[in-house]
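Visitor: Got a structure for you, written out below as structure tokens; questions coming shortly.
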Amino acid sequence: MSRKRRMFDIDMPAVEDIPVGKVPDKVLEKRRGPMAAAISENADALRDQQSTEDAIRSENDRLAHELVRLRSEGLVTEQIALSDVMTEKLTRDRKPGPDPELDELKLSIQEIGLSNPIRVERRPDGRFDLIQGMRRLSAYRALYEETGDEAYAKIPAGIAEASELNDSYRRMVDENLIRKDISFAEMGALARAFADDPNNDCVDVDKAVSILFKSASYTKRSYIRAFASLLALLEKVLMHPNDIPRNVGVELKRKFDTDPGLIGQVSSALMSEPDRDSSREVAILRSFLNTEAAEPTKNVTKNNSKPRRAKTTFQVSGRAGIAKCSASSGRIDLRYDLDFTRVDRARLEQAISTLIADLWEEDDLTHG
């Protein structure tokens, strides 16, 4: 007969296994009631929650300060109403008249949106002064007027706080210096307008060029000064100043410095052809740059038995845009959106050589 286990048998640890003066942790856990455990767990959760909230609050403060900094520097893009953008603060260096490339910009905005926001400065009245992006603003205004679509009633803009007038001009000019289509005449006209504005405290055009085009090289600033002076001398007779090539304008100004009487001759020649186009105006100006070489050419033309042929004008598409060409007897003029002075000389010579080799007159006569 097996021995029955008594109900109250207790398994006690050996006495030597119990540390003297210390109650085992397991014993303490067994003694803690459910309420005490719940309170302890809740306290731990509250400590974790407070730590998380402190970290979130610290991160929000950092982000808020960063947002304020970015906004003050105009690096945060916001949508602002077209009617709130004012364009009178700065004199623009854009040439007057229709912009032939505006339609391309409008189409791009309609298809993919505006990739580069305009830049404005905040005004005390709550509106904004335009600093950079006159073409982009014009495109948005045209789209809104043509379509009535409210999507074009506001334009993305980087907003900065108002700054000194000279700094605002510098921001506008520095962006426009990278434009391929800006002419030296436009930059010279801007320098003259800046010097003439009494709000700018600028004594003359030289100082205006130094302020506005500080980022440009010394050589480029000298070209701008030459064009500003040329515009002042021929302002009333020039019809297409923005189409004058750099070398023609600079060299003509040097001619004027050494022979002031030449100014009247150039003016008379220009006024004698009031219906001239830009190519003809440049040709007239260019004819005064080498008067000694021009005379023999006239004699050869008189003695040539061939009748003088009319000038031919045409356009050719290229990778950099449209090339405008004007051809006449013994001469061809080419206007293209490319700085030929930066093309490798060997490549340029090869291109000209190929052009000449491929050309001949209808009766296959060449000139030595």
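The values are calculated or read from the model by the stated rules, or taken from the named source; none is laboratory data. From a predicted model like this one, the values you see are computed outputs, not experimental measurements. Neighbour counts are summed over all protein chains in view; Cβ atoms, including those assigned to glycine, are modelled from backbone coordinates with ideal geometry. Accessible surface areas use protein heavy atoms only, side chains included; no ligands, DNA or RNA. Shrake-Rupley method; radii C 1.70, N 1.55, O 1.52, S 1.80 Å.
Visitor: Could you sort 152, 169, 218 by accessible area so the largest value comes first, with the probe set to 1.4 Å?
Guide: Details: 152 30, 169 0, 218 165 Å².
Most to least solvent-accessible, the answer reads 218, 152, 169.
Visitor: So, R0 is 41 Å and r is the distance between the beta-carbons of residue 112 and residue 39; what FRET efficiency does that work out to, to 0.05? Walk me through the numbers on the way to the answer.
Guide: Details: r = 61 Å, r/R0 = 1.49.
Taking R0 as 41 Å, the efficiency between residue 112 and residue 39 is 0.10.
Visitor: Place a point 7 Å from Cα of residue 319 in the direction of its Cβ. Which residues in the range 328-347 have their backbone N less than 15 Å from it?
Guide: Zone members listed by number: 337-340, 342-344, 347.
Visitor: Also: When ligands, DNA and RNA are left out and all protein chains stay put, how many square angstrom of accessible area per residue does the range 122-255 have with a 1.4 Å probe?
Guide: Values: 6480 Å² over 134 residues.
In whole numbers, the range 122-255 has 48 Å² accessible per residue.
Visitor: Hey, which of these cross-link pairs are over 24 Å Cα-Cα: 89/236; 214/255; 106/236; 220/255; 236/324? Don't jump to the answer; show the numbers that get you there.
Guide: On the way: 89/236 26 Å; 214/255 27 Å; 106/236 34 Å; 220/255 19 Å; 236/324 26 Å.
From the list (89/236; 214/255; 106/236; 220/255; 236/324), the Cα-Cα distance tops 24 Å for 89/236; 214/255; 106/236; 236/324.
Visitor: Which value, in debye to the nearest 20, describes the size of the charge dipole of the range 321-362 about its Cα centre when Lys and Arg Cβ atoms bear +1, Asp and Glu Cβ atoms bear -1, and nothing else is charged?
Guide: Its charge dipole is roughly 200 debye.
Visitor: Working with all protein chains in place, sort 258, 341 by solvent-accessible area computed with a 1.4 Å probe, largest first. Intermediate results must be reported in sequence, preceding the final value.
Guide: Details: 258 115, 341 95 Å².
From most accessible down to least: 258, 341.
Visitor: Here's something else I'd like to know. Beta carbons within 10 angstrom, averaged per residue: use that to sort the peptides 240-248, 39-47, highest first. The partial results should precede the final answer.
Guide: Working: 240-248: 17.8, 39-47: 10.3.
Going by the mean number of other Cβ atoms within 10 Å, highest first, we get 240-248, 39-47.
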